[in-house]
Structures are given as C-alpha cells and as structure tokens.
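Okay, structure first, notes after.
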Amino acid sequence: MTRGKRTQAKELEVRLLREGLVESTHRVQATVCDHRGRVLSVAGNSDTATFIRSALKPFQALAVTTTGTLERYDLTDIDLAIICSSHQGTVEQARQAFNILWRADVEPVQLQCPIPEGKNSPLQHGCSGKHAGMLAVCQQCHWPLESYLQRKHPLQQLIIGKVGELLGLPPDEFLSARDDCGAPTYYLELGQMGILYAQLASGDNLDRERIVRAMTHHPEMVAGEGHFDTELMRLTEGELVSKSGAEGVQCVGRIGEGMGLAIKVMDGSHRAKYATAIHLLKQMGWITPTIAETLSEKFLTLSDFKRLDVIGELSFL
C-alpha cells in the first residue's frame, strides 16, 4: 500500500438531529484507494485497523469461483449472490442457500452457522449462503466438512491466501478472530479494505468480475428489500458494488475504474455508516444527486423529527 506524505486528516462526524438540535454524534473514518494499492483520499487515518466482518464475503466467495465449484454443481449467479450475502432469512433467500447444498449433495445439518432467535433453521441465518458455498467447495475438493470453519482447514487457508495475494502479503501476517457466524474474519487496515474493493471492482480478473456481476445483477439477494447494499446497487445499475459489515463497516467499489471506499464508524453504528456512504459517494460523484436524494430519504431521514447530518469531507493526498 502506497500513499502520499500525509496519511491522516480530520475525521468525519455524523450528527443525529432532533428537530434541528444535536442529540448524538458518531466519529467516522474513511479511505479511498485504487487497484494499484495507492491511498487516494482519507478522512481520519488509512492505517486504522478493525475487523472487516461481512465485507469479507465477496473475497471468501473466491474459493467458489476459483476451484471449479460453480461449474461442478452448475451454480448460477443468483447462487453466487447469496454466497456473498448478509441476507434477512426470507423464504426466497433461505431456499437459495439450500439450493447450493442440494446441488453439492450436502445435508443442511452440516451448516455450522447458528439458528437465529425465533427461527427454525440455520438456513435462515444471514450467513447461510456463505456457509453453503464453503461446504460446496469442501465437497468439490474432497476436504472434511465437519471442520470447515477451523482456521487451519484447507478452505480457510485458501481464502486467506486469496486475500493475501490481493494485498501482496503472506497469509500468516493476518490477525484473525471468529465472526458471529463462526467463520474466521480478519483484522485489516481501512486502506487494505479499500484496496480489496478497488481490486474487486477493477474488471481485470474473471473470477472477481463474476462475483461483482452476481452481486449487482441480484442485489435483492445480497441484503434484502429496503436494505442499504441492495438499494445502492439497484439504483446505480452496475456502477457500484457494495457490502456492509457489522460494527460500522461499509465498503463500496466503483466498477470498471478500480477504486474502493472503506468506512468505519468508530462506535459501530450502522445508521452512521449509511449516512457517511451517501455523503461521500455524492461528494466523489459516484452517485448522482437524484440517487443521493433517494437514498437520503430512506437512510438519513429517520422520522418526522429526526435526521442524520454528516460533517466533513475526504482530504485528497
């Protein structure tokens, strides 16, 4: 990762206004990178590190696209979209995750993601698509199914190897921890997340390009009706690829231009990351004023009395 002389700038601030008066504030850091590994602009510090959480899913999906798993089990772009998703557990989404297991001849009992509270099956968990994809890869490669979430399992080593290739780092340099679904997640700098999404959106690799196509052609699978990733990708019609992560992480790639945006809300707020994304995407010209207005009505106006306001901008290096 390369950068100019200045590596940090003033943070962004998201304010919750109740009838115009500030009630709460959130501190936010953000970084924009290109696919060559350069930090282009920053708010806060591009070296700030956090767990990437579910924003890792498109890169975990590389295990599916690079092992012949798609072809072996005749999986489609809609299957690939649910593999990259943090879905809402609707019947349609759970059924799509099941389709992956059925085609790979894997029993749903092999899923090790939790059963959500008030639900009946791990297929209804938001990460079931990812887990189904992981199990399909294991079936294709003749790897053990029962230990697929272990860090030393060949599947997990393959995934972190792919991430390492994109960032130019050996796999053993990455710090990992268990995500809430049980799979490993990784502790990355914001600049590294930005580079990953710049690489994802660069259009210079068929495996990554297929993942982007699946997500942008089937945005309803990636999150769900009314959710940020789905709405942003639907409105931008193939220009942006977007994936949220828990604890205030949001990543966006500008397709065909090899640029990636990574956002971290320091207190983990999800409402503040959406507000920040809209603010920065509009500032950079990645979305039109009309799209920004549509998204703002949904994600910045919280009620008749409350709205979110973002203060600050990216500093270009």
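The values are calculated or read from the model by the stated rules, or taken from the named source; none is laboratory data. For clarity, every value in this text was computed on a predicted model and none was experimentally measured. Cβ atoms come from the backbone with ideal geometry, glycine included; neighbour counts cover every protein chain shown. Areas reflect the complete protein model, heavy atoms only, side chains present, ligands, DNA and RNA absent. Shrake-Rupley method; radii C 1.70, N 1.55, O 1.52, S 1.80 Å.
A few points about this structure:
- When the alpha carbon gyration tensor of region 1-116 is reduced to an equivalent ellipsoid, the three semi-axes, largest first, read 38, 23, 11 Å.
- Within the shell of other residues whose beta carbon sits under 10 angstrom from the beta carbon of Leu80, the net charge comes to 0, with Lys and Arg scored +1 and Asp and Glu -1.
- Between Met266 and Ser24, full extension at 0.36 nm per residue minus the direct alpha carbon distance yields a gain of 85.8 nm.
- Alpha-carbon centroid distance for the pair region 141-218 / region 284-311, whole angstrom: 31
- Per-pair calculated FRET efficiency, R0 = 41 Å: Glu293 and Val109 via Cβ, rounded to 0.05: 0.30
- Normalised by 2.2 N^0.38 Å, where N is the number of residues, the alpha-carbon radius of gyration of region 4-49 equals 1.49.
- What the phi angles of region 237-244 give under the Karplus curve with 6.51, -1.76 and 1.60, with θ = phi - 60°, is a coupling list of 6, x, 8, 10, 10, 9, 8, 7 Hz, glycine and proline written as x.
- Ordering 289-298, 151-160 by mean Cβ neighbour count within 10 Å, with the highest value first, yields 151-160, 289-298.
- Across every direction, the projection of the convex hull enclosing the Cα atoms of region 217-317 has a mean area of 6.9 nm².
- Kirkwood hydrodynamic radius over Cα pairs of the chain, then Stokes diffusion coefficient at 25 °C and 0.890 mPa s, in µm²/s: 126
- Sequence ranges 176-186, 93-103, ranked by mean other-Cβ count within 10 angstrom, highest first: 93-103, 176-186
- Normalised by the number of residues in region 211-317, the average gap of Cα pairs under 8 Å and 6 or more apart makes the relative contact order 17 percent.
- Cα gyration tensor category, rounded, prolate or oblate, for region 169-268 with a/c compared to 1.5: oblate
- Close amide H pairs (under 5 Å, H built 1.01 Å from N) link Arg38 with Thr2, residues at least 5 positions away or on another chain.
- Principal-axis analysis of the Cα atoms of the chain puts helix 128-141 at an angle of about 40° to the longest axis.
- Per-residue ellipticity at 222 nm computed for the chain from its helices equals -11000 deg cm²/dmol, with DSSP H segments shorter than 4 residues left out and the rest contributing -39,500 (n - 2.57).
- Partner lysines for Lys298 [C-alpha distance under 29 Å; skip if fewer than 8 residues away on the same chain]: Lys10, Lys57, Lys119, Lys130, Lys243, Lys264, Lys273, Lys282, Lys306
- Charge tally in the Cβ shell below 15 Å around Gly312, where Lys, Arg are +1 and Asp, Glu are -1, Gly312 excluded: +2
- Accessible carbon and sulfur surface of the chain relative to its total accessible area, %, 1.4 Å: 47
- Phi-derived couplings, Karplus 6.51 cos²θ - 1.76 cosθ + 1.60 at θ = phi - 60°, listed residue by residue for region 187-195: 8, 10, 6, 4, x, 5, 5, x, 5 Hz, with x used for Gly and Pro.
- Accessible surface computed residue by residue for region 106-255, with neighbouring protein chains in place and a 1.4 Å probe, gives 40 Å² per residue.
- Under 5 Å from the amide H of Val249 lie the amide H atoms of Val265, each residue being 5 or more positions distant or on a separate chain, with H modelled from the backbone and absent for Pro and chain starts.
- A P(r) calculated from all alpha carbon pairs of region 66-125, with 10 Å bins opening at zero, reads 22, 55, 21, 2 percent.
- This model, with +1 at the C-beta of Lys and Arg and -1 at the C-beta of Asp and Glu, gives the chain a dipole about its Cα centre of some 620 debye.
- Equivalent ellipsoid semi-axes, region 138-189, via Cα gyration tensor eigenvalues times 5, rooted, Å: 20, 14, 7
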